[in-house]
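Report on one structure; see the data block that follows.
None of the figures in this text is laboratory data; all of them are computed from the coordinates on show. The shown structure was predicted, so the numbers you read here are calculated from the model rather than taken from an experiment. Reconstructed Cβ throughout: ideal geometry from the backbone, glycine too, with neighbour counts over all protein chains shown.
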Amino acid sequence: MVIAELKKSTDQKMDKSVQAFKADLAKVRTGRAHTGLLDHIHVDYYGTPTPLNQVAKVTLLDSRTIGVTPFEKKMTQAVEKAIRDSDLGLNPASQGETVRVPMPALTEERRKELIKVVRHEAENARVAVRNLRRDAIHHLKEALKKHEVSENDERRAQDEVQKMTDRHIADVDKLLQEKEKELLAV
């Protein structure tokens, strides 16, 4: 009983670590446009910082351009300012009621910088997964000391936790390889 719950919670936490890494990767800009890039931008909506997707419709105009259409015409300037002031280094331009956000092409130097950032994020995700493994094994040893589980069950559970760890680290590595390939594609 103790072991099943521990494995389940450890697996869920490891999944969350991998998902968090995946979300971090989505924020790393490649040469291609995607609407998720602007998710974290907040617009000054009558004095209240509001997420961009709540004040405007965000769409892809083509593979290298995002279109942002505010629900209210008066918001066009505020939306354009919020995108320009963000940390993404984008240069939006108003075109009637729509704000066009072209994606600048990445230089070779910038690509290499981004790959370093992505590798660092991957290492952080791996460390998070390994820390969860360490905690799980610690709990197993505590349960063994308190005679809540047998030595065989504890050993078997440790092996399963290790397999879980290996699987999640492989997921992180796979995501990293895909992102590196995406960054290197011109």
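With only Lys, Arg, Asp and Glu charged, each at its Cβ (+1 for the first two, -1 for the last two), find how big the charge dipole of the range 1-107 is about the Cα centre; round to the nearest 20 debye.
180
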Could you work out the local net charge near residue 69, counting Lys and Arg as +1, Asp and Glu as -1, over the other residues with Cβ closer than 14 Å to its Cβ?
+1
Per 0.36 nm of contour for each residue apart, how much would the distance between residue 5 and residue 145 grow if the chain were fully extended, relative to their Cα-Cα spacing?
48.6 nm
Charge tally in the Cβ shell below 13 Å around residue 54, where Lys, Arg are +1 and Asp, Glu are -1, residue 54 excluded
-2
Using the alpha-carbon atoms, what tilt in degrees (0 to 90, nearest 10) does helix 108-145 show relative to the longest principal axis of the chain?
30
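Mind putting a number on the dipole of the chain about its Cα centre? Charges go on the C-beta only, +1 for Lys and Arg and -1 for Asp and Glu, and I need it in Debye to the nearest 20.
It comes to approximately 200 debye.
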Go through 164, 41, 18 and say which Cα lies farthest out towards the positive end of the charge dipole of the chain; charges sit on Cβ, +1 for Lys and Arg, -1 for Asp and Glu.
41
Less than 21 Å apart at the alpha-carbon level, and either on another chain or at least 8 residues along: which lysines does that give for residue 181?
22, 27, 112, 116
Per residue of the chain, what 222 nm ellipticity follows from adding -39500 (n - 2.57) for every DSSP H run with n ≥ 4, rounded to the nearest 500?
-21000 deg cm²/dmol
Under the 7 Å Cα-to-Cβ spin-label approximation, residue 63 and residue 181 lie apart by a distance in nanometres of 1.6
On a 0 to 90 degree scale, rounded to 10, what angle separates helix 2-27 from the longest Cα axis of the chain?
20
Just to be sure I understand: if I project the alpha-carbon convex hull of the range 12-127 onto a plane and average over all orientations, what area do I get in nm²?
8.3
Could you work out how far the C-alpha centroid of the range 34-60 sits from that of the range 98-156, in angstrom?
29
Which of the aspartates and glutamates could a cross-linker bridge to residue 179, judged by Cα under 18 Å and excluding same-chain residues fewer than eight apart?
24, 108, 109, 113, 121, 123, 171
GNM of the chain, Cα pairs under 10 angstrom: of 14, 103, 75, the biggest fluctuation goes to 75
For the chain, whose charge dipole is built from +1 on Lys and Arg Cβ atoms and -1 on Asp and Glu Cβ atoms, the candidate among 185, 140, 77 with its Cα farthest towards the positive end is 185
Residue span residue 155 to residue 44: 0.36 nm per residue of separation minus Cα-Cα distance leaves a gain in nm of 34.4 nm
